[in-house]
Amino acid sequence: MIKKCGLYLKRCCVVIIFLLFGQVLIAQNTNTTNYWDNVRFGGGLGLGFGNDSFNLSVSPSAIYQVNSYFAYGTALAFNYSKFGDYKFTAYGASAQTFFNPIPEIQISMEYEQLRVNRTIIDFKENYWSPALYIGAAYGTRNYTIGIRYDILYNENKSVYSNAWMPFVRIYF
């Protein structure tokens with residue numbers, strides 16, 4: 001019980017840090033432009049087929065570009081997979097922050113919380129799966145290509161098969 005409370009407290013602290021960090025960045029913005037002029041939309045879409053398998057993932061995202069160095073935002077996530085008798089559904093949301101020390105390099109942090117539903121023949125399992133990613137990428141204002149690492153990775157419960165994950169982000 002104490003271990004669960006400690007984990008819950010750590011998760012809450014991470015979310016609070018994201019929210020406070022975002023508010024500090026907004027307070028530093030002295031530009032008087034319209035808020036929506038600095039919001040960019042993007043995300044990811046995935047579709048896979050194989051021998052007796054199917055995978056669909058959709059992840060819309062929106063970020064607020066505070067200035068040329070900082071941005072923060074949120075994303076939704078949905079993933080459905082079927083491999084023979086194995087069915088998997090995950091859905092949830094994430095909070096993201098981005099730092100560009102120079103225009104081509106991006107350092108990111110993302111907290112993701114997914115609800116996972118797995119079915120293998122008659123065995124069903126439902127649980128929450130948290131992830132805290134630290135990433136680095138190369139790109140432009142509209143796209144980045146990089147790699148991220150899940151520091152909360154759990155081999156038995158994480159949605160992904162590895163703590164290291166390459167990514168492509170696209171924003172308009």
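A few notes on this one:
- Test for Glu110: is it part of a strand (DSSP E or B) and open to solvent by less than 20 Å² (accessible area, probe 1.4 Å): yes
- Segment 127-157, residues that are outside any strand (DSSP E or B), under 21 Å from Pro101 (Cβ atoms) and of a type in the set (Ser, Thr, Tyr): Thr140
- Scanning segment 53-77 for residues that are open to solvent by 80 Å² or more (accessible area, probe 1.4 Å) and within 29 Å of Trp128 (Cβ to Cβ) yields one hit, Leu76.
- Residue match in segment 74-88 (condition: of a type in the set (S, T, N, Q) and at pLDDT below 95): yes
- Hey, Tyr160 open to solvent by 30 Å² or more (accessible area, probe 1.4 Å), over 29 Å from Asn34 (Cα atoms) and not in a strand (DSSP E or B) or not: yes
- Checking the stated criteria, Asp150 turns out to be surrounded by 16 or more Cβ atoms within 10 Å (Cβ to Cβ) and free of Cβ contacts under 8 Å to residues at least 24 places away in the same chain.
- Residue among Lys124, Lys82 that alone is over 11 Å from the mean Cα position of the chain (by Cα), more than 24 Å from Ala62 (Cβ to Cβ), without any contact (Cβ under 8 Å) to a residue 12 or more places away in the chain and not in a loop (DSSP other than H, G, I, E, B): Lys124
The values are calculated or read from the model by the stated rules, or taken from the named source; none is laboratory data. This structure is a prediction, so every number in the text was calculated from the model and none was measured. In this analysis, Cβ positions are derived from the backbone assuming ideal geometry, glycine residues included, and neighbour counts consider all displayed protein chains. Note: areas computed on protein heavy atoms with side chains; ligands, DNA, RNA excluded. Shrake-Rupley method; radii C 1.70, N 1.55, O 1.52, S 1.80 Å.
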